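Beneath this line is the structure, given in structure tokens, with notes to follow.
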Amino acid sequence: MHRETTFPRLREGVKLKRFDQFVLLYHFRFALHDLIDPSHALVLSLCSGAYSQREICYLFRETYGISEEEATETVASLLSYYEPFLELSDHLWPTAGQTPDPRDFVYKPLEASPDEHGEPPVPVPIGINLNLTLACNFRCRYCYQVVSVDGHGRLDLPKCLDLVDEAADWGVAYAGMTGGEPTLFPGWLNLLERILSHGMGPVFTTNGTVIGSRPELARRMREIGLREITVSLDAPTPELHHRITRSKGSFAKVVRAIRHLVEAGVRTTIKTVLTPLNAGAVGDLVDFVVDLGVAELGISYMEAGADGAPANREHRISPEQLARVREVVLGKRELYEARCAIHPPRAGECAWGESDWYPCGGLYTGMSIFPSGDVTICDKMGGLPEYSYGNVFDQGLREIWEGERFRELRRRTLDRERISADCAACSKLSVCRTGCPLDSYVASGDYLAKHPLCAGPF
């Protein structure tokens, strides 16, 4: 429970974007976003560090003409719910954070016009992801893509610049750059600059080898406005790194890239994929990356991938290994709390309950564009005709998003004749849509099956 003398402030990089039917709350890290009521956005817009919780309650009460008790209870509840987007202090912040004008959120949202299945359409995707190339200079054992030496496809820089301009004009908040290895795409830095010039949040993950070979790139990326980046690193030694990535001579380049980025002032996050090969070296890896000065380290499971991807042929770690890794990482997190945010892998594959299920957002939050120009719901589902719903060389982004092929795809996930009986009976179906179709396919051979971790119906 927050005290009334708390001074809340939105974290740097958190944005509020108004739409007719909702407000988009998001951080430049793609996984952190929510569609919220304008009244919630009003409270968050007052979280500049200049007002105490008590003062925010007063302004909220006066705006909506509600009782002091109701305002106090509501604001406390909202600050608790949105705490991942906030910083809290017991004292007035020395400098106020940048927030939008609270008056922008004093409006009644329009009620969305549902389609024939009762689904209110999201008018604009939160983000687009440009799979720039399937070319990669690594052959990671855990990769969820089918990479190649030459996988650029039809996308080129002029087309990608046009897509970013179109998305920005439409109101899209994020633009991802991925692959393969995105820095092998000709003109990737120009594309990154265009994304930043529109005020869009770039979601950029790299293996670091190109940046590590040219130190001026990190400085240039910071100059054009890049605030944060994610670099993949799965081992603390060259030998283990080369064994996992199957790319000799690359470890030193990756480490140099991390050092260049940190020195340039780019907030650097390390992404580590946990496999049987590196499970025993996680403690040393944490020590190593913290000494490099990175801001954050996230350790995740090896996931299932596209048809033919290396990840589908590799063994996962055992529950016993996972328990040992979590114990080590939790200890390191406490040790390095003041220096680095460290996120251990989840505690086992427990079944989702009614309040902690994880729907696939691809059907209503984003568009994934492949080198061929095909648009699909997920980076792992390229080349599947049943999950592709347009091509950017034939149609504009908005035309694809509002088109019949995408509408039919969404209808399919609500078809009680095709989905599992459990999903058909579940109260969360309209949002969940049976969960991640790829996970379901790996577990059962059916993309529309109930998600293997779901404990529903609810």
Potential lengthening between residue 341 and residue 35 on full extension [0.36 nm per residue; Cα-Cα distance subtracted]: 107.6 nm
Among 231, 97, 342, pick out the residue whose Cα is farthest towards the positive end of the charge dipole of the chain, where Lys and Arg carry +1 and Asp and Glu carry -1 on C-beta, about the Cα centre. 231
Placing +1 at every Lys and Arg Cβ and -1 at every Asp and Glu Cβ, with all other atoms neutral, what dipole size does the chain have around its Cα centre, in debye to the nearest 20? 1480
Starting from the Cα of residue 68, step 7 Å along the direction of its Cβ; do the same at residue 227; then give the gap between the two resulting points in nm. 3.7
Once all Cα-Cα distances of the chain are split into 20 Å bins that start at 0, what whole-number percent is in each one? 22, 57, 21, 0
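For the range 368-409, with all protein chains present and a 1.4 Å probe, just round the carbon and sulfur fraction of the accessible area to a whole percent.
Numbers: 730 of 1630 Å².
C and S fraction of accessible area: 45 percent.
With viscosity set to 1.002 mPa s and temperature to 20 °C, compute the Stokes-Einstein D of the range 354-408, Rh being the Kirkwood radius across alpha carbon pairs; µm²/s, no decimals. Please report the intermediate quantities before stating the final value.
On the way: Rh = 11.7 Å.
Here the translational diffusion coefficient equals 183 µm²/s.
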Using the heavy atoms of the protein chains and a 1.4 angstrom probe, tell me the accessible area per residue for the chain in square angstrom. 47
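What net charge do the residues around residue 193 carry, taking every other residue with its C-beta under 13 Å from that of residue 193, with Lys and Arg at +1 and Asp and Glu at -1? Don't jump to the answer; show the numbers that get you there.
Numbers: positive: 194, 220, 222; negative: 165, 223.
Net of charged neighbours comes to +1.
Using the per-residue mean of other Cβ atoms lying within 10 Å as a proxy for protection, in what order, highest first, do the peptides 192-201, 308-317, 59-68 fall?
Numbers: 192-201: 18.9, 308-317: 15.5, 59-68: 13.5.
Order by mean packing, descending: 192-201, 308-317, 59-68.
What percentage of the solvent-accessible surface of the range 215-328, computed with a 1.4 Å probe over protein heavy atoms, is contributed by carbon and sulfur atoms? Don't skip to the answer; put the middle values down first.
Numbers: 2460 of 5100 Å².
Accessible surface attributable to carbon and sulfur in the range 215-328 totals 48 percent.
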Charge dipole (the chain, unit charges on Cβ, about Cα centre) - positive-most of 242, 301, 86: 242
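Taking the Cα centre as origin and putting +1 on Lys and Arg beta-carbons and -1 on Asp and Glu beta-carbons, what dipole magnitude results for the range 303-455, to the nearest 20 debye? Intermediate results must be reported in sequence, preceding the final value.
Details: 20 positive and 23 negative charges, 57 e Å.
In total the dipole reaches around 280 debye.
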Working from the pairwise distances between different alpha carbons, so that the mean of 1/r is found and then inverted, what is the range 98-237's Kirkwood radius in Å? 17.3
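The values are calculated or read from the model by the stated rules, or taken from the named source; none is laboratory data. Just so it is clear, the structure is predicted and the values come from calculations on it, not from any experiment. Virtual Cβ from ideal backbone geometry, glycine too; neighbours counted across all protein chains shown. Ligands, DNA and RNA are excluded from the accessible area calculation, which covers all protein heavy atoms including side chains. Shrake-Rupley method; radii C 1.70, N 1.55, O 1.52, S 1.80 Å.
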